[in-house]
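Participant: What follows is a single structure, and I will ask about it in a moment.
The values are calculated or read from the model by the stated rules, or taken from the named source; none is laboratory data. The shown structure was predicted, so the numbers you read here are calculated from the model rather than taken from an experiment. FYI the Cβ positions are ideal-geometry reconstructions off the backbone, even for glycines, and counts take in every protein chain you see. Note: areas computed on protein heavy atoms with side chains; ligands, DNA, RNA excluded. Shrake-Rupley method; radii C 1.70, N 1.55, O 1.52, S 1.80 Å.
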Amino acid sequence: MTSNFNPLDLLAERVTPLVVDHSQLEIDIDKKASLLKQFYPIMVALFHKFPDRLNSILHGSQAPLQELLGNHQGVLNEILDGFSKHHSLQPATIESLFSHAIPLSARALKEEVGEGNIVSYIGSYLPQIASQLPAWAAPILSGLGLGSLFHTTPTPQSLKATPADTGGGFKKFLPWLALIILALLLLFFWRSCQKQTPAPNNVTETTASSEVAPTAAAKSPASLTLTSGTGNQVLGCQSNVGDAGLGSMLHSALAKVFGAGTQCNIATDAAYATQLPAQDKLESILNLVKTVPNASIEWVGDQLTVNAPDAAALKGLLDQIKAMAPELNVMAAAPLNVEQSVNHSIDASTQALSGLNESSTPQQIVHALNMQIINFASGSAAIPDANKAVLDRAATLLQKVPNLALNVEGYTDSTGNAETNKALSHQRAQAVVDYLTGKGVSSSSLKAVGYGSEHPVADNETEQGKFRNRRIEFKLAGS
């Protein structure tokens, strides 16, 4: 039994409506659909790789997500954390969603082609499925045995099928036919080598490109974070891009929409992608954002998270962006979960710092340090215990690069008295400096600065915005 229906399209049509109507999870339909769209390629690729797990799920596994991942708790945590960071949802919520979708998906595939044909059915669409795997998951999926899929080109699998045996007589001539073809190829190659043409260079370039492709896929996605005020006002703007070309394009679009004097902190680092999905629509999207006072966007790869203090205006902005850029996963900012945000930031910073050493670039070190959120208690400059292990690791690294000079900058939201906020922000920055110097970092390499509510990176109208504005930033001295 066969099907001309791509399994990813099949699941989107038959399973997604069942899952998004499930009332157990209190997240909106768009967020669920976006999560499932990224999860389906991972799920069906694992079905294809491990038919025994598929069989277990079809016959009533009590823990389908764990079964799918081979009961590897570490991998499960990595998958959930990855989706959580890209979709701003709690891992427990995502786990429940996926656990509900997996058995429904297995049954839908069975109904479409029959239980014994599921693996071959998925295999016939494997290149298309591989092209939909999220790039951020490449290291995790490689550990599950799916690394080769990130090298797959979208050639229809059916073209690789072995032809049926049409007669024993023809088989006798196959060796001779192969020798003739080989001889012709050798003759062609010999003649090509006699010609002084740039063809060999082209071959080399093509090979190099194919070898570089997996590295490009594993890069961090380019990003843009922007908060508008009213009119042409931009309260905060930050971006991470892979080359100057994308940075220049962002500068140009911001200048056209908000004015030539618009400031945006654009960091160029080869660790990031050189393209932003739907970047051709950036100017149009910024024009939409501009019409909503105190709106903010967080654009990371193909994920675009939008927020605004006015609920009706936010819904209208979401609908307009979705219609304009259907290739993006557009969603409203999730309700603020301080503990989850802090924990994820600490994990990310710890992992990033662990991969650095004295030969790492200053930009890499600063980027890793800025991944963590130091969530001071209200009115306090005492460093939370949760952050001390990260700062300990940072101190060890900074002692290996004594010539690296950093400013430690403190910021608050706009609540309260401006002068009081500035003093508090300086106290917090100084507390971080004192902690690091107490661990052996040279005091001459660190300087504390307090800016209070100046230079916000988000709005001061929503709880999410205020939380992001209360921050510690590490910057290279003189930058």
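Participant: Output the residues belonging to the range 316-340 that are under 18 Å from Phe467 (Cα atoms) and surrounded by fewer than 18 Cβ atoms within 10 Å (Cβ to Cβ). Break it down into steps so the answer makes sense when it comes.
Facilitator: Going residue by residue through the range 316-340, those that are under 18 Å from Phe467 (Cα atoms) are 332-340.
Passing the criteria: Pro335, Leu336, Asn337, Val338, Glu339, Gln340.
Participant: Separate question: Only one of Ala382, Ala348 is closer than 23 Å to Asn337 by Cα, open to solvent by 20 Å² or more (accessible area, probe 1.4 Å), part of a helix (DSSP H, G or I) and of a type outside the set (D, E, K, R); which?
Facilitator: Values: Ala382 fails: part of a helix (DSSP H, G or I).
Just one listed residue meets the conditions, Ala348.
Participant: Only residues that are part of a helix (DSSP H, G or I) and either touching a Leu at 6+ places or on another chain (Cβ under 7 Å) or open to solvent by less than 40 Å² (accessible area, probe 1.4 Å) (or both): list them for the range 120-129, please.
Facilitator: So the first thing to find is which residues in the range 120-129 are part of a helix (DSSP H, G or I), and the list is 120-123, 126-129.
Tyr121, Ile122, Gly123, Leu126, Pro127, Ile129, listed by residue number.
Participant: Show the residue pairs that are 6+ apart or on different chains and have beta-carbon atoms under 8 Å apart, the first residue being within the range 267-294 and farther than 17 Å from Lys256 by Cα, the second being crowded, with 16+ Cβ neighbours inside 10 Å and acidic (Asp, Glu).
Facilitator: Qualifying pairs under 8 Å: Pro277/Asp302; Ala278/Asp302; Asn294/Asp459; Asn294/Glu461.
Participant: Also, I was wondering about something else. Residues of the range 67-95 being in contact (Cβ under 8 Å) with a residue 60 or more places away in the chain, part of a helix (DSSP H, G or I) and over 22 Å from Thr305 (Cα atoms), which ones?
Facilitator: Val75 - this is the single residue of the range 67-95 that is in contact (Cβ under 8 Å) with a residue 60 or more places away in the chain, part of a helix (DSSP H, G or I) and over 22 Å from Thr305 (Cα atoms).
Participant: Filter the range 406-420 for residues that are under 18 Å from Ala431 (Cα atoms) and within 30 Å of the chain's Cα centre (by Cα) and give the result.
Facilitator: First pass over the range 406-420, keeping only residues under 18 Å from Ala431 (Cα atoms): 406-412, 420.
Leu406, Asn407, Val408, Glu409, Gly410, Tyr411, Thr412, listed by residue number.
Participant: Within the range 144-156, is there a residue that is modelled with pLDDT of 85 or more, of a type in the set (A, V, I, L, M, F, W, C) and open to solvent by less than 20 Å² (accessible area, probe 1.4 Å)?
Facilitator: To start, the set of residues in the range 144-156 that are modelled with pLDDT of 85 or more comprises none.
Checked the range 144-156: no residue is modelled with pLDDT of 85 or more, of a type in the set (A, V, I, L, M, F, W, C) and open to solvent by less than 20 Å² (accessible area, probe 1.4 Å).
Participant: Scan the range 17-37 and give yes if some residue there is of a type in the set (A, V, I, L, M), free of Cβ contacts under 8 Å to residues at least 40 places away in the same chain and open to solvent by 50 Å² or more (accessible area, probe 1.4 Å), otherwise no.
Facilitator: Taking the range 17-37 as the starting set, the residues that turn out to be of a type in the set (A, V, I, L, M) are 18-20, 25, 27, 29, 33, 35-36.
Now restrict to residues that are free of Cβ contacts under 8 Å to residues at least 40 places away in the same chain: 20, 29, 33.
Checking the rest, the ones that are also open to solvent by 50 Å² or more (accessible area, probe 1.4 Å) come to 29.
Within the range 17-37, one or more residues are of a type in the set (A, V, I, L, M), free of Cβ contacts under 8 Å to residues at least 40 places away in the same chain and open to solvent by 50 Å² or more (accessible area, probe 1.4 Å).
Participant: Let me ask something additional. Which one of the conditions (1) open to solvent by less than 60 Å² (accessible area, probe 1.4 Å); (2) assigned to a loop (DSSP other than H, G, I, E, B); (3) farther than 13 Å from Val330 by Cβ does Pro277 fail to meet, given that it meets all the rest?
Facilitator: (3)
Participant: Determine if the range 331-338 includes at least one residue that is touching a helix residue (DSSP H, G or I) at 6+ places or on another chain (Cβ under 7 Å), of a type in the set (Gly, Ala, Ser) and modelled with pLDDT under 85.
Facilitator: Taking the range 331-338 as the starting set, the residues that turn out to be touching a helix residue (DSSP H, G or I) at 6+ places or on another chain (Cβ under 7 Å) are 331-333, 336, 338.
Next, from what is left, pick out any that are of a type in the set (Gly, Ala, Ser): 332-333.
This time we only want the ones that are modelled with pLDDT under 85, so: 333.
Yes, the range 331-338 contains a residue that is touching a helix residue (DSSP H, G or I) at 6+ places or on another chain (Cβ under 7 Å), of a type in the set (Gly, Ala, Ser) and modelled with pLDDT under 85.
Participant: I've got another one for you. Given the options Ser442, Ser453, name the one that is of a type in the set (Ser, Thr, Tyr), more than 34 Å from the chain's Cα centre (by Cα) and open to solvent by 30 Å² or more (accessible area, probe 1.4 Å). Give the steps one after another, and end with the answer.
Facilitator: Values: Ser453 fails: more than 34 Å from the chain's Cα centre (by Cα).
Just one listed residue meets the conditions, Ser442.
Participant: Only one of Ala244, Ala267 is open to solvent by 60 Å² or more (accessible area, probe 1.4 Å) and closer than 27 Å to Leu476 by Cα; which? Talk me through it step by step, then tell me what you get.
Facilitator: Values: Ala267 fails: open to solvent by 60 Å² or more (accessible area, probe 1.4 Å).
The unique qualifying residue is Ala244.
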